[in-house]
Amino acid sequence: MTKAFTALNDPVHNLIRNLTRRIALVPRLSREGHVRFEYQVDGLEFPVTYWGLALDHAVKGIPSSLAMSRISPPPAPVRIELLRREGCLDVLKLDRRCVRDVRLKPRTTGPGMVSSEILIYGTGILRARNDNPAEGLQRMLWLRYGRMQPAGETVYASIRCLTRGGGPGGVNGKELFDSTNVIYGDALGEIQQLWDRRADTEFLEKAARSLQTVTIANAMPAAFLPPRHLDVAMRYHLRAQAIWRKPPSSARSLMRRVETILDHTAVEPCPKVLFRGQPASRETGNRPENGAPEWRGDVQGYDGWLSGDGSA
């Protein structure tokens, strides 16, 4: 195998990775009779930085570097409500830099394994470019939260999708999604948990059985303005870089895939975060009336927060 993955481990993804690695996945039986896995979060103590991320960043929209500086947890009813929300450990719901990205899950709503896609097909995340200045949401995301640009990212294909936002006059526009080799922190922590529990054959057999029920129809829509024809985009994504064509058939097969992924994954602790905007004129301090937007450097302070891979 020559393909290499790049796992993000900046402060946000490091925090969630440590949680998804240590909080136990437990099997649940769905209404359809399928085995589904979710995290057993009831009664657990979460770090204060998680509550800052979940409430101040994911809900209120404060930049994550400020949100994670919260010094006290919210009241108990708020904590309970945050843990009951869909995707309480899903980076796509917790990190606004990722809210328009797309992944496969055992079901499109509710809790579930966030590493399903890479374990079944060996693919990284399908990332939204968010580079259309005519769309207010995309413009806000790149101005306020930025876009992570890891040095080890490989783009296998750029997939053009119809947007739901509507351009001038309400006409649907087009946007690009990148099929990448990037693994987000929540998925890496989940894969590490499977490796840590490699002696629990019964658990791994149930996990393999759960993955066998995941289909392209389970593509998790982006949290904000998902593209149209998501299943078609996912097919192109898989066609561009899939290593495997079928889910693992057994616990043994699943663990071979986990070992392969971990052996070919490089952890990037300080991915650059870029922001796109029109810088002020040096002479007048005013924004230029014309000229293309430019990328400017990280103003949130992510670069250099961690010196190693940040493992707990």
Pick out, in residue order, every one of the trypsin sites (Lys or Arg not before Pro) in segment 55-114 that is DSSP loop and has at most 11 other C-beta atoms within 10 Å; say none if there are none. Lys60
Per 0.36 nm of contour for each residue apart, how much would the distance between Ala134 and His34 grow if the chain were fully extended, relative to their Cα-Cα spacing? 31.7 nm
So, for the Cα atoms of segment 1-113, Rg and Dmax in Å stand at 14.9, 49
Based on the Cβ-Cβ distance of Arg79 and Thr260, what FRET efficiency does E = 1/(1 + (r/R0)^6) give at R0 = 45 Å, to the nearest 0.05? 0.75
Can you tell me the FRET efficiency between Ala217 and Ile71 if r is taken as the Cβ-Cβ distance and R0 is 30 Å, rounded to the nearest 0.05? 0.10
Can you find, among Val78, Val102, Gly112, the residue sitting farthest towards the positive end of the charge dipole of segment 1-150, where Lys and Arg contribute +1 and Asp and Glu -1 at Cβ? Val102
How much length is gained on full extension from Val48 to Ser250, taking 0.36 nm per residue of separation minus their Cα-Cα distance? 68.9 nm
Need the full-extension length gain, Ala24 to Asp231, defined as separation in residues times 0.36 nm minus the C-alpha distance. One decimal, nm. 71.5 nm
Taking placed amide H atoms and a strict 5 Å upper bound, the residues 5 or more places from Leu104 or on another chain that come that close are Glu117, Met220
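All of the numbers you see were taken from the coordinates with simple rules; none came from a lab. Model, not experiment: these values are computed from the prediction. Positions of Cβ are generated from backbone atoms using ideal geometry, with glycine treated the same way; all protein chains shown enter the neighbour counts.
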